[in-house]
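Novice: Input: one structure, supplied below.
The values are calculated or read from the model by the stated rules, or taken from the named source; none is laboratory data. All values derive from a computational prediction rather than experimental measurement. Because the Cβ atoms are built from the backbone with ideal geometry, glycine has one as well, and the counts that use them run over all protein chains shown. Accessible surface areas use protein heavy atoms only, side chains included; no ligands, DNA or RNA. Shrake-Rupley method; radii C 1.70, N 1.55, O 1.52, S 1.80 Å.
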Amino acid sequence: MARQKGIIKLKGTIGDITFYKTQDGHLAREKGGIDASRIASDPAFQRTRENGSEFGRAGKAGKLLRTAFRSLLLNSADSRMVSRLTQRMVKVIQADLVSERGLRNVIDGEAELLFGFEFNIRGKLGTSLFAPFVATIDRVAGEIKVDLASFIPANMIAAPSGTTHFKIISGGAEVDFETETFVVSSSETAILPWDNTETAVISQTNAITANSTKPLFLALGLEFYQEINGQMYPLKNGAFNPLSIAKIDGGV
């Protein structure tokens, strides 16, 4: 692809050149490639079809997980999160050692490879929250929990410039990638001052189906606020709010 320069930016197709806009700027590329009908039927493209099938499956799985955590992601995601999550889901599917190539899936793969996934690359949990926490998944009871001992926010939370307050958020999700359904619940603290006053002990329990056999996920994050004239405003519209997959139980 080529980058467009100059004052006038083009969109559309002229001859064999297509002009288009992306978040990386105005680009241009030459038309080409192989006819879709040939890719769909020619034995020479069997590997291509298999890769495409698994990539599509990864996209659907990523969308399901995003939908499950939608209420938390509204304020905690970057513009490339969808593609990054799909790429991680591809690795999950490729870890399937049971199914044939092209039929590999999340259930027979390694959902644990999603551990530590950051939904917002501009604000990572690992470089924002330094207070120790204990994440637990009780499959029998149907409880996905996170516990934090009391801590001093100014020492244990690296907050963006302008922060005056914060809250800790978490969500527990039971995700059925086969039927494309989920059960989810979430928790949050009150909006707390980001200062040198020690917090109370924080314990959040997110309830899902007891004795579930499906993959279970815990998402943990922070939301930053700025107080102006007694009103709380999301800091920079949540641009630096971290949210990460902090615990996974891949199912039985």
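Novice: Could you tell me which residue of the range 213-243 is nearest to residue 61 (Cα to Cα), considering only residues that are open to solvent by less than 10 Å² (accessible area, probe 1.4 Å) and not hydrophobic (A, V, I, L, M, F, W, C)?
Specialist: 215
Novice: Taking the criterion of being farther than 28 Å from residue 249 by Cβ and at pLDDT 95 or above, would at least one residue in the range 174-191 satisfy it?
Specialist: Among the residues of the range 174-191, at least one is farther than 28 Å from residue 249 by Cβ and at pLDDT 95 or above, which makes the answer yes.
Novice: Determine the pairs where a residue that is β-branched (Val, Ile, Thr), located within the range 220-243, has a partner that is open to solvent by less than 70 Å² (accessible area, probe 1.4 Å) with Cβ atoms under 9 Å apart, the partner being 6 or more residues away or on another chain.
Specialist: Final answer for the pair search is 228/164.
Novice: Something else: So, residue 155, is that one among the polar types (S, T, N, Q) and either part of a helix (DSSP H, G or I) or in contact with a Cys (Cβ under 7 Å, 6 or more places away or on another chain) (or both) or not?
Specialist: In short, yes.
To keep it simple, each residue is scored yes or no on (1) surrounded by fewer than 18 Cβ atoms within 10 Å (Cβ to Cβ); (2) part of a strand (DSSP E or B); (3) in contact (Cβ under 8 Å) with a residue 40 or more places away in the chain; (4) not aromatic (Phe, Trp, Tyr).
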{"residue": "171", "(1), (2), (3), (4)": "no, yes, yes, yes"}
{"residue": "174", "(1), (2), (3), (4)": "no, yes, yes, yes"}
{"residue": "184", "(1), (2), (3), (4)": "no, yes, yes, yes"}
{"residue": "190", "(1), (2), (3), (4)": "yes, no, no, yes"}
{"residue": "196", "(1), (2), (3), (4)": "yes, no, yes, yes"}
{"residue": "200", "(1), (2), (3), (4)": "yes, no, yes, yes"}
{"residue": "204", "(1), (2), (3), (4)": "no, yes, yes, yes"}
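Novice: Tell me which residues, restricted to the range 206-248, are within 24 Å of residue 136 (Cα to Cα) and either at pLDDT below 95 or assigned to a loop (DSSP other than H, G, I, E, B) (or both).
Specialist: Answer for the range 206-248, where residues must be within 24 Å of residue 136 (Cα to Cα) and either at pLDDT below 95 or assigned to a loop (DSSP other than H, G, I, E, B) (or both): 208, 209, 210, 211, 212, 213, 214, 215, 241, 242.
Novice: So which residues in the range 152-169 are surrounded by 19 or more Cβ atoms within 10 Å (Cβ to Cβ) and touching a Ser or Thr at 6+ places or on another chain (Cβ under 6 Å)?
Specialist: 168
Novice: Quick check on the range 90-125: of everything there that is of a type in the set (A, V, I, L, M) and touching a Ser or Thr at 6+ places or on another chain (Cβ under 8 Å), which residue is surrounded by the fewest Cβ atoms within 10 Å (Cβ to Cβ)?
Specialist: 103
Novice: What number of residues within the range 55-81 are open to solvent by 70 Å² or more (accessible area, probe 1.4 Å), over 19 Å from residue 169 (Cα atoms) and without any contact (Cβ under 8 Å) to a residue 24 or more places away in the chain?
Specialist: Selection size over the range 55-81: 1.
Novice: Got at least one residue in the range 126-145 being at pLDDT below 95, under 17 Å from the mean Cα position of the chain (by Cα), open to solvent by less than 60 Å² (accessible area, probe 1.4 Å) and of a type outside the set (Asp, Glu)?
Specialist: Scanning the range 126-145, I find at least one residue that is at pLDDT below 95, under 17 Å from the mean Cα position of the chain (by Cα), open to solvent by less than 60 Å² (accessible area, probe 1.4 Å) and of a type outside the set (Asp, Glu), so the answer is yes.
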